[in-house]
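Novice: Before we start, here is the structure in question, set down as structure tokens.
The values are calculated or read from the model by the stated rules, or taken from the named source; none is laboratory data. These figures come from a predicted structure and were not determined experimentally. In this analysis, Cβ positions are derived from the backbone assuming ideal geometry, glycine residues included, and neighbour counts consider all displayed protein chains. Please note that ligands, DNA and RNA were not included when accessible areas were found on the heavy atoms of the full protein model with its side chains. Shrake-Rupley method; radii C 1.70, N 1.55, O 1.52, S 1.80 Å.
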Amino acid sequence: MTDTENDVTDLRHRVLKLIAAAGSGHPGSSLSCLHILQVLYRQVLRGIREQDEQRDRFLLSKGHAAPALYVCLEEQGLFPEDGDRRLREPDSILQGHPDRLRTPGVEASSGSLGQGLSQAVGLALGMRLRDNPAHIYVLLGDGELQEGQVWEAAAAASHYNLRNITAIVDRNRHQHDGPTEAVMALEPLADRWRAFGWHVQEIDGHDGPSIKTAALARPCGPSVVIAHTHKGHGVPFMEGDSPWHSVRDADLLRRYVRQLDTKGED
């Protein structure tokens, strides 16, 4: 087990506990991007704890991976002590998809796939008009790159030469209906982004130093990081399995979480 993998184990356990308690959610999608969010919130995003006006902004376009975002926000101390933290409950601050009106630290409500990059481009333009040095990060699922709106936003970012935006693609190669290349092929993905005028980096999305270096790069224009990941990373029966995009077997997931709980008590 690498140092990075060991470091994310507790966050993975917390993600799974949230989803198991709810009996629904998106474990595969949450775990594929957990390393990315961990590094961003611990080592990259500026001004998050203080909620400074010049803080960097992070948008989770693949909003169904909200549990991964929630455990990182909680770790940053952004949640109230008395907030209802049950996932997907009507009065909880932890909705099934991020809701900026309910959850402290959420910059934009999301969940309708294909819209996050457009939101990020609008934020980046607004920050530049205000001479605000904030950098805008947005995490996209690879399946949502099949939406035309993503590429309209990509063209706009290049046209306006937005140096203050970094898109990260969670390239786990699976979506709800199966492998991305079977549903609607995305390759050659890096060449597509380059054709739209973006600076492209490809990395191992489970390697902390690679994530940090790529996220902090500042080319002369918009930047995209294609992070190669594994669906359901760290859970043997989930890894690389499209049906675990969402909860495939709630009882199996609960048993697995109980095993993790028992192991932690040893």
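Novice: GNM, the chain, Cα, under 10 Å: largest mean-square fluctuation among 230, 245, 159?
Specialist: Answer for the Gaussian network model of the chain: 159.
Novice: With a 1.4 Å probe and all protein chains left in place, how much accessible area per residue does the range 1-140 have, in Å²? Kindly include the intermediate steps, with their values, before the conclusion.
Specialist: On the way: 5670 Å² over 140 residues.
That works out to 40 Å² for each residue.
Novice: Compare the Cα positions of 141, 156, 117 along the charge dipole of the chain (+1 at Cβ of Lys, Arg; -1 at Cβ of Asp, Glu; about the Cα centre) and return the one farthest towards the positive end.
Specialist: 156
Novice: How large is the charge dipole for the chain, taken about the Cα centre, if only the Cβ atoms of Lys, Arg (+1) and Asp, Glu (-1) carry charge, to the nearest 20 debye?
Specialist: Dipole size: approximately 420 debye.
Novice: Give me a comma-separated list of calculated 3J(HN,Hα) values for the range 51-58, in order, Karplus coefficients 6.51, -1.76, 1.60 applied at θ = phi - 60°, integers in Hz, x for any Gly or Pro.
Specialist: 6, 5, 4, 9, 5, 5, 10, 10
Novice: Excluding residue 150 itself, what net charge comes from residues whose Cβ is under 13 Å from its Cβ, given Lys and Arg +1 and Asp and Glu -1?
Specialist: -2
Novice: Got a sec? What order do 70, 160 fall in by accessible area at 1.4 Å, biggest, i.e. largest, first?
Specialist: So the residues, ranked largest to smallest area, are 160, 70.
Novice: Give a quick list of trypsin sites (Lys or Arg not before Pro) in the range 128-178 that DSSP marks as loop, anything other than H, G, I, E or B, with at most 16 other Cβ atoms within 10 Å.
Specialist: Those that pass, being in a loop and sparsely packed, are 130.
Novice: In the chain, carbon and sulfur make up what percent of the accessible area (probe 1.4 Å)? Mind dumping the intermediate values first?
Specialist: Details: 5440 of 11650 Å².
The C+S portion of the solvent-accessible surface of the chain is 47 percent.
Novice: Highest GNM mean-square fluctuation, the chain, Cα pairs closer than 10 Å: which of 234, 77, 96?
Specialist: Among 234, 77, 96, the largest GNM mean-square fluctuation belongs to 77.
Novice: Using just the helices of the chain, give the 222 nm mean residue ellipticity in deg cm²/dmol: DSSP H runs with n ≥ 4 each add -39,500 (n - 2.57), and the total is spread over all residues, rounded to 500.
Specialist: Working: 10 runs with 104 residues, N = 266.
Here the helix-only value at 222 nm equals -11500 deg cm²/dmol.
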